[in-house]
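I have placed the structure first, in the form of C-alpha cells, so that the comments after it can refer back to it.
The values are calculated or read from the model by the stated rules, or taken from the named source; none is laboratory data. Nothing here was measured: the structure is a model prediction, and the numbers come from that model. All Cβ positions, even for glycine, are placed from backbone atoms using ideal geometry, and neighbour counts span all protein chains on display. The area values use the complete protein model at the heavy-atom level, side chains included, leaving out ligands, DNA and RNA. Shrake-Rupley method; radii C 1.70, N 1.55, O 1.52, S 1.80 Å.
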Amino acid sequence: MFKKVLIANRGEIALRIHRACKEMGIETVAVHSTADENSMVVRLADESVCIGPPAAKDSYLNIPAILTAAAITGAEAIHPGYGFLSENAEFARMVEEHGFAFIGPKPEHIESMGDKVVAKETVQTLGLPVVPGSAGALGSVEDAIATAEEWGLPVIIKAASGGGGKGMKVVRDIKDMAEAYSTARSEAKANFGDDTVYMEKFLEKPRHIEIQVFGDGKGGGIHLGERDCSIQRRHQKVVEEGPSPVLTDEEREYIGGVSADVVKKMQYRGAGTFEFLFEEGKFYFMEMNTRIQVEHPVTEMITGIDLVCEQIRIAAGEELTFKKDNIRLRGHSIEVRVNAENPRTFMPSPGMIKEYHPAGGLGIRMDSAIYKGYSIPPYYDSMVGKLIVHGRDRAECLRRLHRAIDETVIEGIETTLPLHKWIISQPEFISGDYTIHWLEQQLAKLDEADKAA
Ligand code: ADP
C-alpha cells in the first residue's frame, strides 16, 4: 500500500479523499491555490503545498506544479477527485510517466470515454444500448438536418468533449437547426477547446439512471447498483438517490449486468459510472464517467463500501474488498447538493460562514469542508457540501431528510437547502413520478406565479 498520497483537488472531495487515506494509514499531501490556504483539507493534511494563484488554470489545472509538489513531498500516488484534472488523459499519462500511481483508470480509457462519440461507438460494440442519433460527429449543418429528419424532432446537439451539461442545444424546429448547430459548436469550442458535436434524439420523458462500476484492470468487473439522478436543473444533478424508485429488480439486474460485462471486456481499472437515460422500460447509454462522482456516497450508504478506499486499493495493485456475491443493497439513500446559491434565482452567494451546525444522528452524513469562520472563495464551483441520508426504506429516508434539512444551520451565505426542502415535499417527488425535466418545469411554474402576484 502507498505511504503517501497527493490530493489534486479542493473542497469537500479533497477532504473526502483525505479521510479515506487516514483510515488506510496513508499520509496525505494537500495542494491548494492561494485562495484556499485556509481550507479544511490544508489544515488536516499531513503536508500541504501551494500550487498557484486562485484561477484554476494556474493552480488546480497546473500539471507541472502538481507533479512538482508530488516529487518534493515524496508522494507515491495522486488522487484527482472529480472535475479539474480527473478526466484529463494527458495528466493521467504524465502522472504515470513520472513514476507516480494515478488513482483512476488507465489513460487510454479516460481518452476513449472522454470523447463521447468514440465512447458511444465503443460501448455499443461491447453490448450497451445507446440513444439513437448521428453516426459519429456531425460534419455540417446539412448533415445535422438530414440526421434530424431521419430520427424525427426533437433532437439534441451535444459536444463530443462535453461535460457538466454545457454546450447542449435542443432543436424542436428544423428552421432553428442552423443557429443551434453553430452555437453548439462555438460553445463547445469555448468550453472544451473542441468544436466536435454530435446529435441524439431528444427524449421527452426520461429518467437519468447511472450504474456504479469497478474494474480491476485485468478483466474483472462488478457493478454496485444504480443511482437515480433525474432531479436536474440545466442538465446538472440536484438530488440523487438509490435505489431508483422506478426500476424493477429485473431491470436493475439487466443493466447492472451488461455494464459489468463492458467493464470486463474493456479491462477497465478503478471506479466508473455508466450514465443512461431510461424511458418506457428501455435504457439508452449517454456517457461513461471515468472517475469518482459527486453522488458516490449514495452507493456507499446502501452498500456500506467505501468507494474511495477501493479506488486506492486498485491503484496500489491490491484486490477489491468485495465480490459480486457479498454485495448487499440495503435500504435507501438520498443525497442533496448544497450549493452556495440563492435557492430561487441560483445567483452565487459566496461569503463567510458565520454559523455552521451540520445535522447528525442515525443515517445522516454531511460531506462538506466548510466551518464557522470559513470564507467561500468566489473562484470555484458553488457546491459547498452534500447532505446524504440513509433509511431502511424510501419513506424513512425521506422523513430523515426532512429532519436533517430542518436541523442544518449554515449562516452568512444563502444555500439551496430551502429548495431541497421544497422538492422533497412535492407529491411527484414523494411518489417517484417525475422525469429529468420535472424540476425545471416546476421552477418555471413558480416563476410564473411570482410574476402574476
Ligand atoms: P454532461 O457530460 O454534460 O453531463 P450528458 O450527456 O451526461 O452530458 O447529459 C447531461 C444531461 O442532459 C442528462 O442527464 C439529461 O438530462 C440531458 N440529456 C442528454 N442527452 C439527452 C437526450 N438525448 N435526451 C434528453 N435529455 C438528454
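If you go through the range 398-415 one residue at a time, do you hit one that is buried (at least 18 other Cβ atoms within 10 Å of the Cβ) and closer than 30 Å to residue 156 by Cβ? If you could, list the steps in order and put the result at the bottom.
Pass one, the range 398-415, residues buried (at least 18 other Cβ atoms within 10 Å of the Cβ): 398, 400-401, 404-405, 408, 410, 412-415.
Narrowing further to those that are closer than 30 Å to residue 156 by Cβ: none.
The answer is no, given that none of the residues of the range 398-415 is buried (at least 18 other Cβ atoms within 10 Å of the Cβ) and closer than 30 Å to residue 156 by Cβ.
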| Can you tell which of 424, 376, 388 is open to solvent by less than 10 Å² (accessible area, probe 1.4 Å) and touching a Ser or Thr at 6+ places or on another chain (Cβ under 9 Å)? | 388
| Selection from the range 427-443 of residues that are open to solvent by 50 Å² or more (accessible area, probe 1.4 Å) and not β-branched (Val, Ile, Thr) | 427, 428, 431, 433, 440, 441
| note | Picking from 264, 282, the residue that is in contact (Cβ under 8 Å) with a residue 24 or more places away in the chain, closer than 12 Å to residue 207 by Cβ and more than 16 Å from the chain's Cα centre (by Cα) would be 282
| Can you find even one residue in the range 200-218 that is open to solvent by less than 10 Å² (accessible area, probe 1.4 Å) and over 30 Å from residue 300 (Cβ atoms)? | yes
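Restricting to the range 41-76, what's the tally of residues that are more than 22 Å from residue 378 (Cβ to Cβ) and among the small types (Gly, Ala, Ser)? Full working, then the answer.
To start, the set of residues in the range 41-76 that are more than 22 Å from residue 378 (Cβ to Cβ) comprises 44-47, 49, 63-64, 66-76.
Filter once more, keeping what is among the small types (Gly, Ala, Ser): 45, 69-71, 74-75.
Of the residues in that region, 6 qualify.
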| query | On the given criteria, is residue 346 within 30 Å of residue 377 (Cβ to Cβ) and part of a loop (DSSP other than H, G, I, E, B)? | reply | yes
| query | If you go through the range 173-182 one residue at a time, do you hit one that is open to solvent by 50 Å² or more (accessible area, probe 1.4 Å), assigned to a loop (DSSP other than H, G, I, E, B), in contact with a Pro (Cβ under 6 Å, 6 or more places away or on another chain) and over 20 Å from residue 287 (Cβ atoms)? | reply | no
| request: Name every residue in the range 124-138 that is over 15 Å from residue 185 (Cβ atoms), open to solvent by 30 Å² or more (accessible area, probe 1.4 Å) and either among the charged types (D, E, K, R) or more than 10 Å from the ligand (Cβ to nearest atom) (or both), in order of residue number. | output: 124, 125, 126, 127, 129, 135
| What are the pairs, 6+ residues apart or on separate chains, where a residue within the range 310-336 that is closer than 30 Å to residue 400 by Cβ has its Cβ under 6 Å from a residue that is open to solvent by 10 Å² or more (accessible area, probe 1.4 Å) and assigned to a strand (DSSP E or B)? | 324/222; 331/390; 333/390
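Given the residues 72, 103, 78, 66, which is the only one that is open to solvent by 20 Å² or more (accessible area, probe 1.4 Å) and modelled with pLDDT of 95 or more?
On the way: 103 fails: open to solvent by 20 Å² or more (accessible area, probe 1.4 Å); 78 fails: open to solvent by 20 Å² or more (accessible area, probe 1.4 Å); 66 fails: open to solvent by 20 Å² or more (accessible area, probe 1.4 Å).
One residue alone meets the criteria, 72.
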| remark: Here the residues within the range 267-279 that are crowded, with 20+ Cβ neighbours inside 10 Å and either free of Cβ contacts under 8 Å to residues at least 60 places away in the same chain or over 17 Å from residue 130 (Cβ atoms) (or both) are 268, 269, 270, 271
| query | How many residues does the range 37-82 hold that are part of a helix (DSSP H, G or I) and either in the same structural domain as residue 316 (by TED's automatic domain parsing) or without any contact (Cβ under 8 Å) to a residue 24 or more places away in the chain (or both)? | reply | 6
| message | Given the criteria modelled with pLDDT of 95 or more, more than 16 Å from the ligand (Cβ to nearest atom) and β-branched (Val, Ile, Thr), does residue 436 qualify? | response | no
| message | Being within 14 Å of the ligand (Cβ to nearest atom), open to solvent by less than 30 Å² (accessible area, probe 1.4 Å), at pLDDT 95 or above and not assigned by TED's automatic domain parsing to the domain that holds residue 82 is the requirement here; does residue 238 meet it? | response | yes
| request: Mind telling me which of the residues 297, 343 ends up being surrounded by 20 or more Cβ atoms within 10 Å (Cβ to Cβ) and either in contact (Cβ under 8 Å) with a residue 24 or more places away in the chain or not assigned by TED's automatic domain parsing to the domain that holds residue 82 (or both)? | output: 297
| query | Just checking, how many residues over the range 139-167 are within 14 Å of the ligand (Cβ to nearest atom), open to solvent by less than 60 Å² (accessible area, probe 1.4 Å) and assigned to a loop (DSSP other than H, G, I, E, B)? | reply | 9
| Number of the condition not met by residue 254 [criteria: (1) in contact with a Lys or Arg (Cβ under 7 Å, 6 or more places away or on another chain); (2) more than 16 Å from the ligand (Cβ to nearest atom); (3) without any contact (Cβ under 8 Å) to a residue 60 or more places away in the chain] | (1)
| query | Given the conditions (1) within 14 Å of the ligand (Cβ to nearest atom); (2) surrounded by fewer than 19 Cβ atoms within 10 Å (Cβ to Cβ); (3) farther than 27 Å from residue 295 by Cα, and given that residue 170 satisfies all but one, which numbered condition is not satisfied? | reply | (3)
| task | Filter the range 267-313 down to residues that are among the acidic types (Asp, Glu) and more than 11 Å from the ligand (Cβ to nearest atom), then give me how many there are. | result | 5
